[in-house]
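*Asks:* Questions regarding the structure given below will be posed in turn.
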Amino acid sequence: MKVVLCLAMIVPSALADCPIGWPQFGDLCFSFNPEPVSWITAASFCHTLGARLVEITSKEKQDWIAQQMKAKPFFTEAWIGGSRRYSDWAWMADSKPIKSYTNWAPKKQDNKQGANKCLLVASRLGYKWTNVNCLAVKEFICEKRLPW
């Protein structure tokens, strides 16, 4: 009886942790992927892990992402989950407009019609957001909500 009770207490806490190599922020786990790929390939890869490209929805999360990127010298630019397919910027996972929190670099929010644009965080811009063609190849960040 004591063994079963002990296991019942250990298993839930083990399931609440992020996998090795996935740092945790709040109730989210993150994978910083150094292989440069297009935005859609990055989004697909995250999806295969049951995750999504990171959605930066607060200054606290933005600051934490910047801190993590600074600790990884290869992470100078990274795809995040926003894109503009038609006229508005939205988070890919749920198509919610990007409005409540933004961190655009000065003069970097391109609202011109034309090629698909996707969001990335760039160290050269002080870890602010910019947009580039979605076919460019960049590192990327996945996020997945706990419990894993």
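*Asks:* Could you please find all residues in the stretch 18-64 being part of a loop (DSSP other than H, G, I, E, B), among the hydrophobic types (A, V, I, L, M, F, W, C) and free of Cβ contacts under 8 Å to residues at least 60 places away in the same chain?
*Replies:* Result: ILE20, single match.
*Asks:* Could you tell me whether the stretch 126-137 includes any residue that is in contact with a helix residue (DSSP H, G or I) (Cβ under 7 Å, 6 or more places away or on another chain) and either surrounded by 14 or more Cβ atoms within 10 Å (Cβ to Cβ) or at pLDDT 90 or above (or both)?
*Replies:* Taking every residue of the stretch 126-137 in turn, at least one turns out to be in contact with a helix residue (DSSP H, G or I) (Cβ under 7 Å, 6 or more places away or on another chain) and either surrounded by 14 or more Cβ atoms within 10 Å (Cβ to Cβ) or at pLDDT 90 or above (or both).
*Asks:* Please go through (1) more than 13 Å from the chain's Cα centre (by Cα); (2) of a type outside the set (Gly, Ala, Ser); (3) at pLDDT 95 or above for PHE45 and return the number of the only condition it doesn't satisfy.
*Replies:* The failed condition is (1).
*Asks:* Turning to a different aspect of this structure: Of these, TRP22, TRP64, TRP79, which one is at pLDDT 95 or above and touching a Ser or Thr at 6+ places or on another chain (Cβ under 7 Å)?
*Replies:* TRP22
The values are calculated or read from the model by the stated rules, or taken from the named source; none is laboratory data. Computed from a prediction, not measured in an experiment: that's the story for all the values here. Every residue, glycine among them, receives a Cβ derived from its backbone with ideal geometry; neighbour counts consider all protein chains shown.
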